[in-house]
Amino acid sequence: MEVEKVVNTSKKNFIIGMLVCIVLLLSIASGYITYQYHDVKYWNNYIYPKVTVEGIDLSGKTKEEAVAALKYIFEEQLKNRKINITASDKNYDIEYSKLSPKYNIEETVKEAYSYGKKVNLFSKYFLLKDPKPVNYKLKVIYNEGFVKEFIKTVENDINRDPVNATLNTDGVNFTVIPEQSGIKLESDKLQKEIAEKVQQNGSGDIDLKASIKSTEAKIKGDMLKDINATIGSFTTNYGAISSPQRANNIVIATKSINGKVLMPGDVFSFNDVVGERTEKKGYEAAPVIVDNKLESGLGGGVCQVSSTLYNAVYSSGMSSLERTHHTLPVHYVPEGMDATVDYGNIDYKFKNNFKYPIYIQAYTSGGNVTFVLYSNVSARKQFK
């Protein structure tokens, strides 16, 4: 009986001890959880540790404080920022304020503020006790149109068209004047680089070196080295029959053909080379033949240029691919030896059938328009 009593007493004491331990553990756990809760609750109104926007630490800031800090940096400090561009041997700069940059600061701060707020209590606690770096990027909208116009300005200043090789001749001696390469700003690449740098939202000025590429001339000196003889020429007089407007048109059209080079197999199109006769190009209204009568038309007189060229081609032994004569006789070439042109409708064309290039010299002087065709001395033998 005594033994049973002792056993019951020991069992009772054990249970009481366990209960005491459980109560103590619960008290400790409750205190720990309460501590965690208050610690985590403190951060409910603040951005979590090691949370940054564009590398700027916003830890412990309210949304309002974070917005104010970012606006100060990106809307105040950066307004004096510049984009410095080196192109060739010249320098250009864009004042950052002229881009009118607008950042999504409020939206990004809201996202940064929400970090860690939607997980459970224990996850929040560990995020606070052992924080990992988290960085958010700002997006920026800026005046891309201003950048495009700026780049056009740089293009106009930098770009240089290539110069084709030409011939200098007195009809007996021939000297090749070498070509000159041009330079061209790679504008699309520069615009892309500016966009990338602006989106990076770094501090300080942006420095860029614009890419410049070389542009080759279409006619190179080597192409003209075999030209050593006159193969055809023709001259007509316009001074005695032309108004100032008609004479002006002849001079403009003739200049646009001078220096043209045709490689073997190339086809010359008068309308393609001279182009549309417009006021912008300097052409004026003068008499033209339309449906068997004279009328005033823009570019009147240009047909004398095409007719003079046709006769020079004819004298070289080449055949024309496309030629139409006027509906009325003209007085500057023999009857039936004219070549009328009308942009978009009637063209004059011929093909270089020689084994050598042809260089066309075209000029006006003393009321005369002259075409001289140069090639190799052996060229004419092809037609004999």
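Selection of region 160-175 for residues being under 20 Å from the mean Cα position of the chain (by Cα) and outside any strand (DSSP E or B) yields Asp161, Pro162. Meeting the requirement of 2 or more residues that are modelled with pLDDT of 90 or more, the strands (runs of 3 or more DSSP E) wholly within region 276-350 are 320-322.
If you check Thr364 against the conditions, is it under 22 Å from Leu224 (Cβ atoms), modelled with pLDDT of 95 or more and either of a type in the set (S, T, N, Q) or in a strand (DSSP E or B) (or both)? The answer is no for Thr364.
Among the residues of region 233-248, write down those that are at pLDDT 95 or above, in contact with a helix residue (DSSP H, G or I) (Cβ under 9 Å, 6 or more places away or on another chain) and either more than 11 Å from Thr370 (Cα to Cα) or polar (S, T, N, Q) (or both). Of everything in region 233-248, those that are at pLDDT 95 or above, in contact with a helix residue (DSSP H, G or I) (Cβ under 9 Å, 6 or more places away or on another chain) and either more than 11 Å from Thr370 (Cα to Cα) or polar (S, T, N, Q) (or both) turn out to be Ser233, Thr235, Thr236. The set of residues from region 140-159 being assigned to a strand (DSSP E or B) and surrounded by 15 or more Cβ atoms within 10 Å (Cβ to Cβ) comprises just one member, Val140. There is no residue in region 176-184 that is in contact (Cβ under 8 Å) with a residue 12 or more places away in the chain, under 26 Å from the mean Cα position of the chain (by Cα) and assigned to a helix (DSSP H, G or I). The C-beta contact set for region 192-208 (first residue of a type outside the set (Val, Ile, Thr), second residue in a helix (DSSP H, G or I) and modelled with pLDDT under 80, distance under 8 angstrom, 6+ apart or interchain) comprises Ser203/Gln77; Ser203/Leu78.
Take the conditions surrounded by 14 or more Cβ atoms within 10 Å (Cβ to Cβ) and more than 27 Å from Gly182 (Cβ to Cβ) and apply them to Gly116. Does it pass? For Gly116, the condition - surrounded by 14 or more Cβ atoms within 10 Å (Cβ to Cβ) and more than 27 Å from Gly182 (Cβ to Cβ) - is met. Each residue in region 230-279 was checked for being within 18 Å of Ala165 (Cα to Cα) and of a type in the set (A, V, I, L, M), and 5 of them qualify. Scanning region 342-360 for residues that are touching a helix residue (DSSP H, G or I) at 6+ places or on another chain (Cβ under 9 Å) and under 27 Å from Thr166 (Cα atoms) returns Asp347, Tyr348, Lys349, Phe350, Asn353, Phe354, Lys355, Tyr356, Pro357, Ile358, Tyr359, Ile360. In the set (1) of a type in the set (A, V, I, L, M); (2) farther than 30 Å from Gly367 by Cα; (3) buried (at least 17 other Cβ atoms within 10 Å of the Cβ); (4) modelled with pLDDT of 95 or more, Ala253 fails one condition alone, (2).
For Ile227, the conditions (1) surrounded by 15 or more Cβ atoms within 10 Å (Cβ to Cβ); (2) more than 25 Å from Thr166 (Cβ to Cβ) all hold with the exception of (2). Of all residues in region 60-95, none satisfies the criterion of being more than 30 Å from Gly116 (Cα to Cα), among the hydroxyl-bearing types (Ser, Thr, Tyr) and without any contact (Cβ under 8 Å) to a residue 40 or more places away in the chain. Here Gly239, Gly265, Gly259 are screened, and the one residue that is in contact with a Gly (Cβ under 7 Å, 6 or more places away or on another chain), assigned to a loop (DSSP other than H, G, I, E, B), farther than 18 Å from Met337 by Cα and not hydroxyl-bearing (Ser, Thr, Tyr) is Gly239.
The values are calculated or read from the model by the stated rules, or taken from the named source; none is laboratory data. Since the structure is predicted, the reported quantities are computational estimates derived from the model, not experimental observations. Note: ideal-geometry Cβ built from the backbone for every residue, glycine included; neighbour counts use all protein chains shown.
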